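Q: Have a look at this one.
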Amino acid sequence: MGLAFVQGLPEDITLSQLVGVIAGSTLLGAAGGLDDWREMRPLPKLLVQIVCAAVAFGFGVRLRGVFGYPIPGWVSALGTVIWIVALVNAINLIDGLDGLAAGVSAIAAVSFAYLGAARHGYAAALMAGSLAGASVGFLPHNFSPAKVFMGDMGSQFIGFLIASIALLGTLKTTAAAAVLSAGLILAVPIGDTAFAVIRRIARRQPPFVADAEHIHHRLVRGGLTDRQAVLLIYLASALLSLVAVVLAKKS
């Protein structure tokens, strides 16, 4: 059964998929709140993220194909879980300066809203637009000097939503440009997380133990203020998102 958010528009998200997004994000948000209250160890935290990603997959939020080729079910399941868990941790790890995660998430959500609408994925576009609006509304309270912090509860919840929206509105197609678009839009948090994991493994450190070597830390140590570092990362994210949109239009 499809779910039409606006009468007359294509029903691009099923009720089952919507339930999967709501259930997974709510469970992960609750776990993040517990982590903020009493810090969870990395392994249980990762296991909860995997379970939430599996819930989303079970309800139909999944990777359908890659570079024009259909993929078997087990590859879809593995790829979906890796994608969601990676994005959850990417947004969580980039939340190191006031306003950074909220702003990058807003830029990504606006981009996915455009791409979703361009592919007639109006329900996914509406979800992305709603997330963008919520993130922008949060920024005045979270930008430096912050009065309110999102914590793990907020960052993991937002990361899960962005990952799910990307699967529903962009990666559900099998076009190579769709995969490339999602990667470009989220290149800053994904790249920062990938380098963090590689760096820690190379130093024989646990990959999920926090350090002060993320891109925002390096920019501040390089002489930028917290605000300048955040705005520079905003600019990089916006430019990469613009490239993604242009590529998608030409595909």
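Q: Looking for something of a type in the set (Val, Ile, Thr), part of a loop (DSSP other than H, G, I, E, B), farther than 19 Å from Ala108 by Cα and within 21 Å of the chain's Cα centre (by Cα) - is there at least one such residue anywhere in the stretch 212-225?
A: No, the stretch 212-225 contains no residue that is of a type in the set (Val, Ile, Thr), part of a loop (DSSP other than H, G, I, E, B), farther than 19 Å from Ala108 by Cα and within 21 Å of the chain's Cα centre (by Cα).
Q: What number of residues in the stretch 32-43 are surrounded by 12 or more Cβ atoms within 10 Å (Cβ to Cβ), part of a helix (DSSP H, G or I) and not charged (D, E, K, R)?
A: 4
Q: Do we have His120 as farther than 25 Å from Phe195 by Cβ and either polar (S, T, N, Q) or touching a residue at least 60 places away in the same chain (Cβ under 8 Å) (or both) here?
A: So His120 fits the description; yes.
Q: Okay, next question. Can you spot a residue in the stretch 133-156 that is over 25 Å from Trp37 (Cα atoms) and either at pLDDT below 90 or of a type in the set (Lys, Arg) (or both)?
A: No: the stretch 133-156 contains no residue that is over 25 Å from Trp37 (Cα atoms) and either at pLDDT below 90 or of a type in the set (Lys, Arg) (or both).
Q: A follow-up question, please. Which residues, counting only those in the stretch 46-94, are surrounded by fewer than 21 Cβ atoms within 10 Å (Cβ to Cβ) and among the basic types (Lys, Arg)?
A: Answer for the stretch 46-94, where residues must be surrounded by fewer than 21 Cβ atoms within 10 Å (Cβ to Cβ) and among the basic types (Lys, Arg): just Arg64.
Q: For the stretch 103-149, which positions are crowded, with 22+ Cβ neighbours inside 10 Å, farther than 19 Å from Ile22 by Cβ and among the aliphatic types (A, V, I, L, M)?
A: Selection gives Val104, Ala106, Ile107, Ala108, Leu115.
The values are calculated or read from the model by the stated rules, or taken from the named source; none is laboratory data. This one's a predicted model, so the numbers in the text were calculated from it and none came from an experiment. As a convention, Cβ positions derive from the backbone with ideal geometry for all residues, glycine included, and neighbour counts pool all protein chains shown.
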